[in-house]
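The values are calculated or read from the model by the stated rules, or taken from the named source; none is laboratory data. In this text the structure is predicted, and so the values were computed from the model without any measurement. No Cβ is skipped: glycine too gets one built from the backbone with ideal geometry, and neighbour counts run over all protein chains shown. Ligands, DNA and RNA are stripped out before the accessible areas are found, and what is left, the full protein with its side chains, is counted by its heavy atoms. Shrake-Rupley method; radii C 1.70, N 1.55, O 1.52, S 1.80 Å.
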Amino acid sequence: MKLLSVEAARSAMVAQAAPLAAETIPLAAAVGRVLAEDVAAVRAQPPFTNSAMDGWAVRAADTPGSLAIVGESAAGHGYEGVLAAGQAIRIFTGAALPDGADSVVIQENATREGEQVTVPKAAPGDNIRDAGKDFQAGDVLLTAGTRIDPWRLSLAASAGRAELSVRRRPRIAILSTGEEIVEAPATPGPFQIYDSGSPALKVMCEAWGAQATKLSGVRDQLDAVIEAMRKAEADLIVTVGGASVGDHDLVRAAAEALGLQYSVESVAVRPGKPTFFGVLADGRRLLGLPGNPASAFVCAELFLKPLIAAYCGAPHQPRMASARLAKPLAANGPREHWMRAQLTYEAGGIVVRPYRDQDSSLITVFAAADALLVRPPGAPASAAGDLVEVLRLDRAG
């Protein structure tokens, strides 16, 4: 089978994942979704010139001096008159600047005595926010392809939007295969292990913007695997295990029985060489991941995450950063190696410590890691302090 580089494999996969149809949802439900439209402002923000501080609205030409207090401007209740020479208006943060005023003196710098206020010298524009300071009517605030987070939701709300047009979430069906896999709370047999891969992949898919379903595990029987794939209602089927070419690895054969046309047959990556991707005869896409959890999770970061982004119409750039090695590394082999590692932030910058044991079955190592250190094919030995590239993982803390 032809081995593709990680970048070539990712590009081939993403090319088969066109953005899904748009749907309109309430603004409050939009966090995590990807815009299918540009969001433009219907009016300027702020819509009127206002005060940046609590204090006194004045004419700078009247300062310093003692001014007559003639009214008040509060947020939502502006002063409707025109400020004349020798007058001042009590004003609060966010309140509209009265006509005739061109400056605000903060309250700490003024002294009130009855209906008079004494203010120091002020300059035009002091403590004032001009109308349209944040944005103007018609400005595009968010573009299609932007993923909404709480801050962007606030921006859309400030644009006057109650609903947004977003891409439909891709439907992903996760199928775990293997006689050795059981799901808790079932009691495993003497030669079985708990399924730790597919539950985590389901949560990853949902965090990345997909609607994921975990299918019931199937036995190592070709007909059973074919039937499970055939019945999966999904845009993308993700299989876990059975992706290699051993006697008990049936996923490829099952997919081929359903008309699979390969885009990626295998990848020159460690861990995860058996990873494959293609299109079934009915148009559904299928991503085959290795069964070892670390291999599956590495390849989910490298391939599944960008696939979900492509379905959502969002650009995907891995969160790469440069870091200095905490200890030397031996020369790398012929495959791109993504090593589980831990980052620390020190005075000299980011330091990365790859874990000693990179066995792809070790879940404890991946649970502790917050980065993947990438080593190019054939990379020479590296010394402590050398710069390397790392992919930062999204961890809870």
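Just one residue in the set Glu233, Glu256, Glu227, Glu206 is closer than 27 Å to His337 by Cα and among the charged types (D, E, K, R); that residue is Glu206. Every condition in (1) of a type outside the set (A, V, I, L, M, F, W, C); (2) buried (at least 21 other Cβ atoms within 10 Å of the Cβ); (3) modelled with pLDDT of 95 or more is met by Gly242 except one, and the failing one is (3).
Scanning the stretch 265-308 for residues that are among the hydrophobic types (A, V, I, L, M, F, W, C) and either free of Cβ contacts under 8 Å to residues at least 24 places away in the same chain or over 15 Å from Val238 (Cα atoms) (or both) turns up Val267, Ala268, Val269, Ala281, Ala294. Taking the stretch 48-68 as the range and being in contact (Cβ under 8 Å) with a residue 60 or more places away in the chain and either open to solvent by 50 Å² or more (accessible area, probe 1.4 Å) or under 29 Å from the mean Cα position of the chain (by Cα) (or both) as the test, the residues that pass are Phe48, Met53. Taking the criterion of being under 30 Å from Glu163 (Cβ atoms) and in contact with a Lys or Arg (Cβ under 6 Å, 6 or more places away or on another chain), would at least one residue in the stretch 47-56 satisfy it? Yes. Look at (1) small (Gly, Ala, Ser); (2) in contact with a strand residue (DSSP E or B) (Cβ under 7 Å, 6 or more places away or on another chain); (3) within 19 Å of Ala310 (Cα to Cα); (4) open to solvent by 40 Å² or more (accessible area, probe 1.4 Å) and you find that Ala207 fails only one, number (2).
Each residue in the stretch 107-128 was checked for being over 12 Å from Met53 (Cβ atoms), assigned to a strand (DSSP E or B) and touching a residue at least 60 places away in the same chain (Cβ under 8 Å), and 2 pass.
Identify all residues within the stretch 107-130 that are hydrophobic (A, V, I, L, M, F, W, C) and open to solvent by 40 Å² or more (accessible area, probe 1.4 Å); write none if there are none. Ala123 - this is the single residue of the stretch 107-130 that is hydrophobic (A, V, I, L, M, F, W, C) and open to solvent by 40 Å² or more (accessible area, probe 1.4 Å). Reported count of residues in the stretch 344-397, each being among the hydrophobic types (A, V, I, L, M, F, W, C), assigned to a strand (DSSP E or B) and open to solvent by less than 30 Å² (accessible area, probe 1.4 Å), is 9. If only residues of the stretch 6-28 that are outside any helix (DSSP H, G or I) and open to solvent by less than 30 Å² (accessible area, probe 1.4 Å) are counted, the one that is nearest to Lys273 (Cα to Cα) is Ala17.
Could you tell me whether Leu260 is surrounded by fewer than 24 Cβ atoms within 10 Å (Cβ to Cβ), farther than 30 Å from Val390 by Cα and touching a helix residue (DSSP H, G or I) at 6+ places or on another chain (Cβ under 7 Å)? Criteria not met by Leu260.
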